[in-house]
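See structure below.
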Amino acid sequence: MAVTADLGLSASVYQTKSQDLTTTEDQLSFRRGVHLTSGTGAGKADRVFHDQRTLAASSSEDLDLAGVLTDAFGASLTFVRIKGLFISAAATNANNVVVGAAASAPWVTLLNSTGTLTLRPGASFGVMSGVADATGMALTATTADLLKVANSGAGTSVVYDIVIIGASA
């Protein structure tokens, strides 16, 4: 199976300030991206997982990045290196989505073993490795491969979208 991916982050900002005789303008266009072709080395990926998931009130799940997730074709995925990770909390959530700090075998490359990232309703997070980076965000099957995602509160479920792009070697 061949994989081609374009990953990116962007921000476009335009601001003005009225002064006595003029208006000062500032325009920013910030863009970073990477194009990945099929394979396992630098600038390459061969595994993709994407899903929209729901967590019940006060619950969590540990996504096993090495051997439990399945791709869009039903094949089991074993990531060895993550090249891109994107998570988005639904705007209609009442609770936050908390990412990181699995109790055992946490994937430590992104947030260390106890770090977390809180996504408020409607918030998104994305990270990607550079095109020249052959290592990416490595993980180790069985001992450092769980990405915890949790619902921060009681009362209502949360929905989140997740996209993981990576390599099998």
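The values are calculated or read from the model by the stated rules, or taken from the named source; none is laboratory data. This structure is a prediction, so every number in the text was calculated from the model and none was measured. Here the Cβ is made from the backbone with ideal geometry for all residues, glycine too, and neighbour counts use every protein chain on show.
Looking at (1) over 30 Å from SER38 (Cβ atoms); (2) within 16 Å of the chain's Cα centre (by Cα); (3) among the polar types (S, T, N, Q), which is the only condition SER129 fails?
For SER129, the failing item is (1).
Name the single residue, out of those in segment 35-55 being in a strand (DSSP E or B) and among the small types (Gly, Ala, Ser), that is nearest to MET128 (Cα to Cα).
To start, the set of residues in segment 35-55 that are in a strand (DSSP E or B) comprises 35-38, 44-45, 47-55.
Those left that are additionally among the small types (Gly, Ala, Ser): 38, 45.
On the way: SER38: 16, ALA45: 12 Å.
So, considering only residues that are in a strand (DSSP E or B) and among the small types (Gly, Ala, Ser), the one nearest to MET128 (Cα to Cα) is ALA45.
Out of segment 56-68, which residues are in a strand (DSSP E or B), touching a residue at least 40 places away in the same chain (Cβ under 8 Å) and either surrounded by fewer than 20 Cβ atoms within 10 Å (Cβ to Cβ) or of a type in the set (D, E, K, R) (or both)?
SER60, GLU61, ASP62, LEU63, ASP64, GLY67
Any chance you could count how many residues in segment 3-40 are surrounded by 11 or more Cβ atoms within 10 Å (Cβ to Cβ) and more than 23 Å from ASP161 (Cβ to Cβ)?
Matching residues across segment 3-40 total 4.
Check whether at least one residue in segment 62-70 is of a type outside the set (S, T, N, Q), at pLDDT 95 or above and farther than 20 Å from ALA144 by Cβ, and report yes or no.
The answer is no, given that none of the residues of segment 62-70 is of a type outside the set (S, T, N, Q), at pLDDT 95 or above and farther than 20 Å from ALA144 by Cβ.
Return the residues of segment 22-50 that are under 21 Å from GLY74 (Cα atoms) and over 16 Å from the mean Cα position of the chain (by Cα); say none if nothing qualifies.
SER38, GLY39, THR40, ASP46 - these are the residues of segment 22-50 that are under 21 Å from GLY74 (Cα atoms) and over 16 Å from the mean Cα position of the chain (by Cα).
Yes or no: segment 77-94 includes at least one residue that is hydrophobic (A, V, I, L, M, F, W, C), within 15 Å of LEU139 (Cα to Cα) and surrounded by fewer than 21 Cβ atoms within 10 Å (Cβ to Cβ).
Yes: one or more hits.
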